[in-house]
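Q: Pasting a structure here, questions to come.
The values are calculated or read from the model by the stated rules, or taken from the named source; none is laboratory data. Everything numeric here is computed off the predicted structure, so don't read it as measured data. A quick note on method: Cβ atoms are made from the backbone with ideal geometry, for glycine too, and the neighbour counts reach across all protein chains shown. Heavy atoms of the whole protein, side chains included, go into the accessibility calculation; ligands, DNA and RNA do not. Shrake-Rupley method; radii C 1.70, N 1.55, O 1.52, S 1.80 Å.
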Amino acid sequence: QVQLVQSGGGLVQPGGSLRLSCVASGSAFSVGAMAWYRQAPGKQRELVANITSAGRNNYADSVQGRFTMSRDNAENTLSLQMNSLKPEDTAVYYCSAWIKRFYTDIGYKYYWGQGTQVTVSS
């Protein structure tokens with residue numbers, strides 16, 4: 001089986017920083033494009049940032065210049081460095097990825113991490 005396991009998150013004051021990590025665990029799989037989403041209570045899930053298979057990063061306007069996403073293909077990890085955090089960044093953050101399991105899947109399937117809470121408050 002393949003899973004996306006997240007770590008990081010927590011409570012931070014406005015202007016502070018947090019780093020989220022996501023690891024694709026398992027064996028015999030290939031990871032395609034990956035992304036970070038977030039969802040605040042009563043709001044729709046929104047795309048925060050994504051990285052293409054070619055390695056190009058895209059950011060939502062609301063986080064551009066403050067968040068930085070990075071991918072380590074060798075370790076199958078995806079990270080999100082969040083700086084200058086604002087109260088409106090408070091949400092549950094999810095990592096996601098297109099994953100194909102060798103010998104099992106005929107194509108890529110979409111996976112979600114378990115989510116982690118980020119709270120920005122004084």
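Q: Can you name the residue in the stretch 50-78 that is within 12 Å of the chain's Cα centre (by Cα) and β-branched (Val, Ile, Thr) and is also nearest to residue 91 (Cα to Cα) among such residues?
A: Applying the filter and picking the extreme gives 68.
Q: Would you mind stating whether residue 85 is of a type outside the set (Ser, Thr, Tyr), in contact with a strand residue (DSSP E or B) (Cβ under 9 Å, 6 or more places away or on another chain) and at pLDDT 95 or above?
A: On the way: of a type outside the set (Ser, Thr, Tyr): yes; in contact with a strand residue (DSSP E or B) (Cβ under 9 Å, 6 or more places away or on another chain): yes; at pLDDT 95 or above: yes.
Yes, satisfied.
Q: While we're looking at this one, here's another question. Could you list, in sequence order, all residues of the stretch 24-50 that are farther than 24 Å from residue 104 by Cβ and touching a strand residue (DSSP E or B) at 6+ places or on another chain (Cβ under 7 Å)?
A: Listed by number, the residues that qualify are 36, 37, 38, 39, 40, 45, 46, 47, 48, 49, 50.
Q: Also, quick follow-up: Taking only the stretch 67-92 into account, find how many residues are open to solvent by 30 Å² or more (accessible area, probe 1.4 Å), of a type outside the set (Ser, Thr, Tyr) and on the phi < 0 side of the Ramachandran plot.
A: Residues meeting the conditions: 11.
Q: With (1) touching a residue at least 40 places away in the same chain (Cβ under 8 Å); (2) in contact with an Asp or Glu (Cβ under 8 Å, 6 or more places away or on another chain); (3) β-branched (Val, Ile, Thr) as the list, and residue 63 as the residue in question, which single condition is left unmet?
A: (1)
Q: Scan the stretch 93-113 and tell me whether some residue there is more than 23 Å from residue 1 (Cβ to Cβ) and open to solvent by 70 Å² or more (accessible area, probe 1.4 Å).
A: Among the residues of the stretch 93-113, not one is more than 23 Å from residue 1 (Cβ to Cβ) and open to solvent by 70 Å² or more (accessible area, probe 1.4 Å), which makes the answer no.
Q: Can I ask one more? When you scan the stretch 4-108 for strands (runs of 3 or more DSSP E) that lie fully inside it, which ones turn up with 2 or more residues that are farther than 22 Å from residue 119 by Cα?
A: 18-25, 29-39, 57-59, 67-72, 91-101
Q: Can you tell me which of 40, 54 is among the aliphatic types (A, V, I, L, M), in contact (Cβ under 8 Å) with a residue 12 or more places away in the chain and surrounded by fewer than 17 Cβ atoms within 10 Å (Cβ to Cβ)?
A: Result of the check over 40, 54: 40.
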